[in-house]
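The values are calculated or read from the model by the stated rules, or taken from the named source; none is laboratory data. These numbers come from a predicted model, not from an experiment. Note that we place each Cβ from the backbone using ideal geometry, even for glycine, and neighbour counts take in every protein chain shown. SASA here: full protein model, heavy atoms, side chains in, ligands and nucleic acids out. Shrake-Rupley method; radii C 1.70, N 1.55, O 1.52, S 1.80 Å.
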Amino acid sequence: METKVLKIESSVEINISYPCKVIRTGGLVAFPTETVYGLGASVFNEKAVDRIFEVKGRAKDNPLIVHVNSVDMLYKIGKVDEKYRTIIEDITPGPITFVVKKRMQLPDNVTAGLETVGIRIPAHPVAEKLCLCAGPIAAPSANLSGKPSPTDANAVIEDLYGRVECIIDAGETPFGIESTIIDLTGDRPVILRPGPVTIEKLEEIFGEIVVPDFVRDARAVTNPKAPGMKYRHYAPEKPVYIFGLSIREKIKKFVEKENGVILCPVDHKDFYPRDRVIVLGTLENPYTIAQNLFRILREFDKTKFNVAYVEKLEEKGILFSVMNRLKKAGMEVQL
Ligand code: TXA
Ligand code: MG
């Protein structure tokens, strides 16, 4: 299939009439959001939604997120408890997905047959426009299943070129990791996936929230609440290990012996041999680490190094979400 790559340089003049037509006529479009790139189809077109699963190699029991342009549309698709409405209106648009009971009839493949649906109002100007003209849009991240989510158009092209009708290239996505997912179907909000909206922030806005074990400790996956939790994620082809600072000296020896590379914040790079470090971002602005993470995991696969050793980061704020992704990409070194 021929894929049209559409470059959008300015956030002021956005002409998305072509991708909009593609989605309306049952095609697939990869588009930027403020988190990662998504692979979108019209939520009402069952065949197009089926193709998303085929193209990604995604398991059919892993539901998609529905992207909309307004809270009104969100309330049309999902049943939202009165008590959450002001909060939702305050924090949208933004990098957060709400799991709520389904109100609107949607094709079964969108929600993997569940009675609930994940809905999100993205804040990226291109995504906003696309949702306005062709929404609601069902979209997972625009990567092949198992690979790190794409944070720029090159990564999308690498995974999906020749398999979808259109890829919009609007540069790097600002947050670089997927949206926070919060389940609002029970008595108390439950966080299903940590993301750019941090746990601390959620507690501030919702009061008490439930943080299940599979979120507290990303490896402890038993009977996952979010179906996507049980699949291997975010992983490069080559091995990734996470190490604590207390074993830094030992790791330095491994790195030389095994032709490895250290991934760490710029603040720590001088502890390691210069030619064996990839800088993730800076602890002074930890959002830079989230922004670079997936791109660096993809780049690492293309280097001459055999293995990556990633410094364990303090699990607070956005770095809690970063560590969640890292634990899914690799294993902690036990010495
Ligand atoms: O930032 C994002 O959320 C990106 C951009 C493109 O919006 N999308 C994204 O989609 O990360 P995806 O499909 O890669 O991850 C969606 C996650 C999956 O883990 C899925 O299981 C979960 O959301 N999910 C979707 N609907 C759900 C539901 N009704 N109940 C529980 N989990 C749900
Ligand atoms: Mg994904």
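Just a few scattered comments:
- Taking 316, 257, 101 as the candidate residues, the one with maximal mean-square fluctuation in a Gaussian network model of the chain, Cα springs under 10 Å, is 257.
- When you filter the GluC sites (Glu not before Pro) in segment 1-52 for DSSP loop state and at most 12 other Cβ atoms inside 10 Å of their Cβ, you are left with 2, 9, 13.
- In this structure, residue 60 and residue 335 have a Cβ-Cβ separation that, at R0 = 41 Å, corresponds to a calculated FRET efficiency of about 0.50.
- Shape analysis of segment 281-335 places it in the oblate category; the axes a ≥ b ≥ c from the Cα gyration tensor give an a/c of at least 1.5, with a/b not above b/c.
- Of the accessible area of the chain, computed with a 1.4 Å probe over protein heavy atoms only, carbon and sulfur atoms account for 49 percent.
- Take the Cβ atoms of residue 15 and residue 266, set R0 to 45 Å, and the FRET efficiency comes out at 0.75.
- For segment 72-201, fraction of C-alpha pairs farther apart than 24 Å, in %: 32 percent
- Using alpha carbons only, the radius of gyration of the chain set against its Kirkwood radius gives Rg/Rh = 0.97.
- By the Cβ-Cβ criterion of under 4.7 Å, the unpaired cysteines of the chain are 131, 166, 264.
- Each Lys and Arg adds +1 at its Cβ and each Asp and Glu adds -1 at its Cβ; summed about the Cα centre, the chain shows a dipole of about 860 debye.
- Between segment 268-335 and segment 166-191, the alpha-carbon center distance in angstrom: 21 Å
- When segment 240-332 is described by a simple charge dipole with +1 on each Lys and Arg Cβ and -1 on each Asp and Glu Cβ, the residue from 260, 244, 287 located farthest towards its positive end is 260.
- Qualifying trypsin sites (Lys or Arg not before Pro) in segment 165-221, DSSP loop, other Cβ atoms within 10 Å at most 15: 219
- Rounded to 0.05, the FRET efficiency of the residue 187 and residue 258 pair, given R0 = 45 Å and the Cβ-Cβ distance, is 0.35.
- Over the C-alpha atoms of segment 114-170, the Rg to Rh ratio, Rh being the Kirkwood estimate, stands at 0.98.
- When the chain is treated as a GNM with alpha-carbon contacts under 10 Å, the residue of 54, 172, 256 showing the greatest mean-square fluctuation is 256.
- Three-way shape label, segment 1-109, alpha-carbon gyration tensor, a/c 1.5: oblate
- Springs join every pair of Cα atoms under 10 Å in this Gaussian network model of the chain, and among 246, 321, 17 the largest mean-square fluctuation is at 246.
- Only aspartates and glutamates eight or more places from residue 257 in sequence, or on another chain, were considered; those with a Cα closer than 15 Å are 249, 275.
- Here the chain carries DSSP beta bridges of which approximately 45% are antiparallel, counting only pairs with both residues inside.
- Cross-link pairs beyond the 28 Å C-alpha cut-off, checked among 269/327; 60/101; 47/101; 7/101; 21/302: 7/101; 21/302
- At a probe radius of 1.4 angstrom, the accessible area of the chain per residue rounds to 44 square angstrom.
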